[in-house]
Amino acid sequence: MTTPASPALVTDPTVEVGDVSKWFGQKVAVSGVTCSFGAGLTGLLGPNGAGKTTLLRMLTGLTMPSQGSVLVKGEKPRSQVDKYKDLGFVPEESALYNTLTGKEYVEYAAKLSGLNSPKQAAKRALETVGLMDDADRPVGGFSKGMRQRAKVAAALVHEPDILVLDEPLNGTDPVQRAHLIGLFRRLASNGNTVIVSSHVLQEVERMTDRVIAIVDGKLAAAGDISAIRRAMSYIPYRVLIECDKPRALGAALLDNETVFSVTMARRGLHVETADLSTLGSAIAQLARQLDVRLSRFAPEDESLESVFRYLVERR
């Protein structure tokens, strides 16, 4: 098995995006994006207005690219309609058939998919998202979180191999959010392709380590979070060091050529460095020399939040 040339690509793709652009009049929503998705869960990350929704709509065949191509299992979904049986899509929009009950809504989705036993399929999907207790209530009376779960049930009712979700956790409470995140992760571990769009960094970080980041319609970064951070060598690493003699240790660290800055923290030091490994060795030696007791040495910017902040600041 060959290794992909880019971290934006996977070895066995189910969805392939090749140099895709989309413009609406003079507005360019997506520009020259190339990436692919395979089994597992990938977070599509970007601020509001970054082009995530447009990209997802192209993945599902709802919007045609202005340039480039999108393939689902090797075929263009718009020209091979049977490929839609492989796709489940949860749009960001919350428009539903408010007069239908939850059960009727998901059964309708099952019928549209041509399933032989729509009632059984709907029951299974509603149980999967934890909505059976409210299945006989009109969707119009659902909370936003319940409406989100109803949309997920409708997308799952035909058991697609590929699930595309646009901001699926909007409006969910902590319990609902945890339930859906667990569901998405289980589907991914079972071999499904799960693509989840979000602008909420903590949500993506709870779900997956593989990220495709979109900023201003362009591919800003791809890969696992730590690899993206390592590739950003022009950005100093920030480290929190907690110890019993922060002033003495901070003064000594300023003589280290890999250290850019040292600032006092409530219980220690914030240090910016070009090389985490070298800093770690220096800290150990200085602690022995200065009789400093270290209680914590923790990178502060290995989180998705800090990585994304750097990517946005590059614009």
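The values are calculated or read from the model by the stated rules, or taken from the named source; none is laboratory data. Everything numeric here is computed off the predicted structure, so don't read it as measured data. When we count neighbours, we look across all protein chains shown, and the Cβ atoms used for this are built from the backbone with ideal geometry, even at glycine. Just so you know, the surface numbers come from the protein's heavy atoms only, side chains and all, with ligands and any DNA or RNA stripped out. Shrake-Rupley method; radii C 1.70, N 1.55, O 1.52, S 1.80 Å.
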**Item:** Ordering of 260-271, 147-158 by packing [mean C-beta count within 10 Å, highest first]
**Value:** 147-158, 260-271
**Request:** Given a cut-off of 30 Å, name the pairs among Lys22/Lys123; Lys27/Lys111; Lys22/Lys119; Lys22/Lys111; Lys22/Lys83 whose C-alpha atoms lie farther apart than that in the structure shown.
**Result:** Lys22/Lys123; Lys27/Lys111; Lys22/Lys119; Lys22/Lys111
**Asked** Which value in nm describes the separation of the simple spin-label points at Val175 and Phe24, placed 7 Å from the Cα toward the beta carbon?
**Response** 3.8
**Complete:** Over the chain, with neighbouring protein chains present, the accessible area per residue in Å² at probe 1.4 Å is 49
**Prompt:** Using a probe of 1.4 angstrom, how much of the accessible area of segment 127-196 is carbon and sulfur, in percent?
**Reply:** 46
**Fill in**
Quick calc: nm separation of the 7 Å Cα→Cβ label points for Asp209 and Gln67 -> 3.6
**Request:** Can you sort Ser189, Ser143 by 1.4 Å-probe accessible area, starting with the largest?
**Result:** Ser189, Ser143
**Message:** Tell me the accessible surface of Asp136 in square angstrom (1.4 angstrom probe, heavy atoms of protein chains only), to the nearest ten.
**Reply:** 110
**Item:** Value of Rg to Rh for segment 136-195 (Rh from inverse mean 1/r over Cα pairs, i.e. Kirkwood)
**Value:** 0.97
**Asked** How big, on average over all directions, is the shadow cast by the Cα convex hull of segment 140-259, in nm²?
**Response** 12.0
**Structure-derived mean projected area of the Cα convex hull in nm² - corresponding label in (1) 18.3; (2) 19.9; (3) 16.7** = (2)
**Item:** Net charge contributed by nearby residues that have their C-beta within less than 14 Å of Lys52 (K/R +1, D/E -1)
**Value:** -3
**Item:** Under 14 Å, Cβ to Cβ, from Pro4 - net charge with Lys/Arg +1 and Asp/Glu -1
**Value:** -2
**Item:** Counting all C-alpha pairs of segment 34-137, share separated by more than 15 Å (%)
**Value:** 72
**Message:** Can you give me the distance in nm between label points at Ala284 and Leu240, each placed 7 Å from the Cα along the Cα-to-Cβ direction?
**Reply:** 2.3
**Sulfur and carbon atoms: percent of accessible area, segment 223-301 [1.4 Å]** = 48
